[in-house]
Amino acid sequence: MNNELIISSSPHIHTSKTVERTMLDVIIALLPAIACSLFFFGVGALVVLATAVAGCVATEFLIQKFLIKGNSTIGNYSAIVTGVLLALNLPSNLPVYIVLLGSVFAIGIAKMAFGGLGNNIFNPAIAGRVFLLLSFPAQMTTWPLPIVNRWQYFDMETGATILSTMKEGAGDVSTGASIASSMKDIVEVSPVEALLGNMGGSMGEVSAIALLIGGAYLLLRKVISWHIPIAILASVALFYLILGDDPLMPLLTGGLLLGAIFMATDYATSPMSHKGMIIYGVMIGIITVVIRKWGAYPEGVSFAILLMNGLTPLINRYFKPSKFGERSRK
Amino acid sequence: MLKTFRKGGIHPPENKLSALSKITDIPQSKEYVVSLSQHIGAPAQCCVEKGEHIAKYQLIGKSAGFVSANIHSPVSGTVRKIDKFKNAFGFETTSVFITPDGQNDEERHPLTSEVTAKLSSKEIIGIIDNAGIVGLGGATFPTKVKLMPPDNMPVDTLLINGAECEPYLTNDQRLMEECPEEIIEGVKLLMRAINVEKAYIAIESNKPEAIKALEKAAAHATGIKITPLKVKYPQGGEKQLIDAVLNRQVPSGGLPASVGVIVQNVATAYAVKQAVIDGTPLTERVITVTGPDLPHPGNYRVPIGTPISDIIEAAGGLPENTQKVVIGGPMMGKAASNLNATANKGMSGILIVPKRYAMRQKAENCVRCASCVSACPMGLEPYLIARLSELKDYKRLEEERVMDCIECGSCSYVCISHRPLLDYIRIGKNKTGAIIKSRKTNNK
């Protein structure tokens, strides 16, 4: 025996979970969505995905090496997660330089400037996407049609998304066309197709079933808890019902599932207590529907998450877990 | 559905390696060094002299105050000296060094069953006090103090803790399986001591044999119920156990008696039976010696004052790759620095940790995953109080109820960034406690 006994305070055992494994789980959970985006958007999706991941990892590596001069943190895979999420939030025909700009903004400004993983206030991938949406509104809202554009990256056939069609339909009250009928007339996407992902949109958000599989995996691995996704989806569904709309298509389309399952549940930017998570989720749901129905943009999930990211410290301050022994006495 | 406490908790791998090993005696040691400070409270006062011949069970240290406990000799022999002696953690306490003579002449006073049947509550507590019984779950709080709650707190229930939620440890499990009748006798005496009609023995469901044995032993006892619990750490914590079994929550800073409950460990109940009926004071206890690489993990009946190295020898000796020795369980036990030290009343286990598990992993940034918040059985926010401790913000630490922390280690266990949360919380708790105390004395 080595005579030097190690002295440390308890506990002396530790979970086998690590940050690396958690990030790896998120990447695994995103694989179905990645596969679907490659299936529907082909070459374009591959280019955008590779660029975003390479851009994010390179940005983090360079900042660590030359500005912070610390140990490299790219080994924890969080930059890869940001890159994948950013890519899945972009149209597949986005020029490479725009994707790169988004990656640099996401990692450089939204993450590393705040102190790296865990210290960021805003979700890096969403910050990157919103930055691009505001800077390049035209390119960011041209949606290539699925399948037909598989072998192209330039000169794609593009079309509208369901949500923008619904928005225009809703605005066009004078024609008397209902939202549902305008949707069917113009884009013709059935709920089954929306579930599979055969429609226009950001490359990773189209296939609801792929996202749901990923969500189930994350729940099973206990990487996320149910509170945030369920709060978002339930409040969106309820809001649509109150407004008298059928919530099925709005739930399956746009960035809602991607946002609710993968973006809003980002550890660093979401509240710590279950109570706080539910309030955060419900607020995201409400803001999303408000933007979709009455705002200038057809889709509002990114804005809603970004806004609530900013409110997370406040939620943490005022919605704490109930302490042991604090139960109201009956 | 099995009962459990409602807030937080974790389920680390159970690793009860010694669950099937019967409790065995260990060979006599060359010398027994019995510390006079084996309990919470004032050290006992030595009442033997150097060179004196003493009998087994003879009083050698007298309780020195209300919160203190008697110490008795575990063997017969000669007092070689009375001197300072380093305990397992490197702190010196006054100890009695006894060279055994191998005769084991006993000095004890068993009572006949007619006498024991008529003992009053006060008399039972008196015998428990004389026998030097302390809480054997590990806290070593003098049992008689716990049995005399403040008058304004009426107690209606006795809760016996057989949860043994710590991984690796099996000393209580083996005792429950091998000595169920004695435990039930002890429980009956404790019920009489505090005048209650109801007692629950809470056992986690990973010990089905212990549950069966006690159910059988308690079949004809009135008012004693065995409650199986879901396996969840830290179920053996007093507040968690009361919540799990009785659905009552002890308020912040309150005693279990404030919700009408007194909690005692199964091993303590066993010691009470031995003291009252057999007239034997507390001089030995069951210790689990275990570890992933130990040749013979087992449970041993160990006289207090036995050198730790002798106990480890009985279990096959220290493996070559040992790099840490933990006294107690892996979640709340303390790492020992001195294996020449001797066993005491609070020692429930000796965990031999091989090199590959001995070192902590490097701490990374907190990613705010909230695992610690979900795991905390007290509903605290460990990430926050650890940070406030780092920032030395004692005012906010008090507001965030750092003093409620039971130091169970669940937060550090679940942290995916390997942050030493409990280390920081302990420092903050210590400092905040001192500030609260000095404020109270200043106000007087």
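Brief remarks follow.
- Residue check, A:LEU117 open to solvent by 10 Å² or more (accessible area, probe 1.4 Å), touching a residue at least 60 places away in the same chain (Cβ under 8 Å), over 20 Å from A:GLY201 (Cα atoms) and hydrophobic (A, V, I, L, M, F, W, C): yes
- Here B:GLY236 meets the list (1) surrounded by 24 or more Cβ atoms within 10 Å (Cβ to Cβ); (2) assigned to a helix (DSSP H, G or I) almost entirely, failing just condition (2).
- B:LYS355 being open to solvent by 60 Å² or more (accessible area, probe 1.4 Å) and within 8 Å of another protein chain (Cβ to nearest Cβ): yes
- Region B:394-444 holds helices (runs of 4 or more DSSP H) entirely within its bounds, and those carrying 2 or more residues that are within 21 Å of B:CYS366 (Cβ to Cβ) and touching an Asp or Glu at 6+ places or on another chain (Cβ under 7 Å) map to B:421-443.
- In region B:119-141 there is no residue that is more than 25 Å from the chain's Cα centre (by Cα), farther than 30 Å from B:GLU197 by Cα and either at pLDDT below 95 or not in a strand (DSSP E or B) (or both).
- For the criterion of being at positive phi and not basic (Lys, Arg), A:TYR97 fails.
- All positions within region B:197-215 that are out of contact with any helix residue (DSSP H, G or I) (no Cβ under 6 Å at 6 or more places or on another chain) and open to solvent by 10 Å² or more (accessible area, probe 1.4 Å): B:GLU197, B:LYS198, B:SER205, B:ASN206, B:PRO208, B:ILE211, B:LYS212, B:GLU215
- Every test in (1) more than 30 Å from A:ASN123 (Cβ to Cβ); (2) within 14 Å of another protein chain (Cβ to nearest Cβ); (3) surrounded by 24 or more Cβ atoms within 10 Å (Cβ to Cβ) is passed by B:VAL289 save one, and that test is (2).
- Residue in region B:39-51 that is at pLDDT below 95, closer than 30 Å to B:CYS411 by Cβ and surrounded by 18 or more Cβ atoms within 10 Å (Cβ to Cβ) present: yes
- Some residue of region B:365-377 being under 26 Å from B:GLU238 (Cα atoms), open to solvent by 20 Å² or more (accessible area, probe 1.4 Å) and within 7 Å of chain A (Cβ to nearest Cβ): no
- Search result, residues across region B:261-281 that are more than 14 Å from the chain's Cα centre (by Cα) and crowded, with 24+ Cβ neighbours inside 10 Å: B:VAL261, B:ILE262, B:VAL272, B:ALA275, B:VAL276, B:PRO281
- Selected residue [among the aliphatic types (A, V, I, L, M) and without any contact (Cβ under 8 Å) to a residue 24 or more places away in the chain] from B:ALA69, B:ALA64: B:ALA64
- Residue count for region B:311-338, restricted to those that are surrounded by fewer than 20 Cβ atoms within 10 Å (Cβ to Cβ) and not small (Gly, Ala, Ser): 8
- Selected residue (criterion: least open to solvent (accessible area, probe 1.4 Å)) from residues of region B:94-141 that are over 17 Å from B:LEU59 (Cα atoms) and among the β-branched types (Val, Ile, Thr): B:ILE124
- Qualifying residue in region A:303-323 (condition: free of Cβ contacts under 8 Å to residues at least 40 places away in the same chain and in contact with a Leu (Cβ under 9 Å, 6 or more places away or on another chain)): yes
- Condition broken by A:ALA50, with the remaining ones in (1) away from chain B (no Cβ under 14 Å); (2) modelled with pLDDT of 95 or more; (3) in contact with a helix residue (DSSP H, G or I) (Cβ under 8 Å, 6 or more places away or on another chain) satisfied: (3)
- Taking the criterion of being of a type outside the set (S, T, N, Q), assigned to a loop (DSSP other than H, G, I, E, B) and within 10 Å of chain A (Cβ to nearest Cβ), the residues of region B:249-277 that qualify are B:VAL250, B:PRO251, B:GLY253, B:GLY254.
- Region A:1-44, residues that are within 7 Å of chain B (Cβ to nearest Cβ) and not aliphatic (A, V, I, L, M): A:ASN2, A:SER8, A:SER9, A:SER10, A:PRO11, A:HIS12, A:HIS14, A:THR15, A:LYS17, A:THR18, A:THR22
- Output for region A:291-306, where each listed residue is at pLDDT 95 or above and either over 22 Å from A:ALA125 (Cα atoms) or of a type in the set (Gly, Ala, Ser) (or both): A:ALA304
- Within this structure, B:GLU390 fails the test of being open to solvent by 50 Å² or more (accessible area, probe 1.4 Å) and touching a Ser or Thr at 6+ places or on another chain (Cβ under 8 Å).
- Number of residues in region A:215-274 that are open to solvent by 10 Å² or more (accessible area, probe 1.4 Å), hydroxyl-bearing (Ser, Thr, Tyr) and closer than 30 Å to A:SER16 by Cα equals 4.
The values are calculated or read from the model by the stated rules, or taken from the named source; none is laboratory data. Given the structure is predicted, the values throughout are model-derived calculations rather than measurements. No Cβ is skipped: glycine too gets one built from the backbone with ideal geometry, and neighbour counts run over all protein chains shown. Accessible surface is based on the protein model in full, side chains and every heavy atom, while ligands, DNA and RNA are left aside. Shrake-Rupley method; radii C 1.70, N 1.55, O 1.52, S 1.80 Å.
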